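**Q** Sharing a structure with you now.
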Amino acid sequence: MLKTLTAAAALALTALPAAADDHMARAERLVTVVTAENPQTQLMSMVLTMQAVAKGTRVHMLLCGPAGDIALDDAPESATAGQPPRDMSPQGLLTQIVAKGATVEVCAIYLPGKGLQPEALIDGVGVAQPPAMADALLESGAAVWSF
């Protein structure tokens with residue numbers, strides 16, 4: 001009896017990673033919301049979002065507050081400086097995410113709060129419209145990651 005329970009427990013534990021992969025393979029859409037000021041957190045949000053893009057997930061990213069600085073053409077060094085272990089920067093990886101077809105936008109109030117115009121953003125990054133962003137966040141089957 002104990003052998004049967006131990007075998008069943010081992011089987012259940014080995015099935016967990018496969019179940020997680022199946023869930024990600026079925027995710028139709030990902031909305032990533034980044035507000036963190038910390039460059040390491042910003043970069044990790046880009047790394048994980050890029051992994052989702054690589055798995056074929058449609059991505060919509062919203063950058064708000066300090067994270068909006070990542071999308072500026074004249075971004076602060078914290079957004080452009082390479083970080084270990086691969087010398088990648090939040091903005092460098094963001095540009096790759098945009099190039100892969102993801103929708104990337106800054107919050108509607110970000111640019112006015114900075115006294116800037118949309119021309120201040122890097123190519124491929126737009127300004128979110130609140131009704132459309134709310135729809136993206138509420139879309140059935142959408143996963144939402146927040147950093």
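**Q** Given the C-alpha centroids of region 67-81 and region 83-131, what is the distance between them in whole angstrom?
**A** One Cα centre to the other: 9 Å.
**Q** Taking 7 Å along the Cα-to-C-beta vector as the label spot, tell me the Glu139-Asp123 distance in nanometres, rounded to one decimal.
**A** Going by the 7 Å Cα→Cβ label model, 2.5 nm.
**Q** Mind ordering 70-76, 80-86 by average Cβ neighbours within 10 Å, highest first? Walk me through the numbers on the way to the answer.
**A** Working: 70-76: 19.0, 80-86: 11.3.
Those peptides, ordered most packed to least, come out 70-76, 80-86.
**Q** Treat the count of other C-beta atoms within 10 Å as a stand-in for reagent exposure and order Ser146, Ser140, Ser89, Ser45 from fewest to most.
**A** Working: Ser146 11, Ser140 6, Ser89 21, Ser45 25.
Ascending Cβ contact count within 10 Å gives the list Ser140, Ser146, Ser89, Ser45.
**Q** Near Asp74, within a Cβ-to-Cβ distance under 15 Å, what is the net charge of the other residues, with Lys and Arg +1 and Asp and Glu -1?
**A** Values: positive: Lys114; negative: Asp69, Asp73, Glu77, Glu119, Asp123.
Within the 15 Å Cβ shell, the charges total -4.
**Q** On to the next question. Please report, in debye to the nearest 20, how large the charge dipole of region 24-146 is about its Cα centre when each Lys and Arg carries +1 at its beta carbon and each Asp and Glu carries -1 there.
**A** On the way: 7 positive and 12 negative charges, 109 e Å.
Charge dipole of region 24-146: 520 debye, to the nearest 20.
**Q** Quick check: from the Cα gyration tensor, does region 24-146 come out rounded (a/c under 1.5), prolate or oblate?
**A** Oblate shape, in that a/c is at least 1.5 and b/c is the bigger or equal ratio.
Computed from the coordinates by the stated procedures, all read-outs in this text should not be read as laboratory data. These numbers were taken from a predicted model, which means no experiment stands behind them. Please note: Cβ atoms are built from the backbone with ideal geometry, for glycine as well, and neighbour counts cover all protein chains shown.
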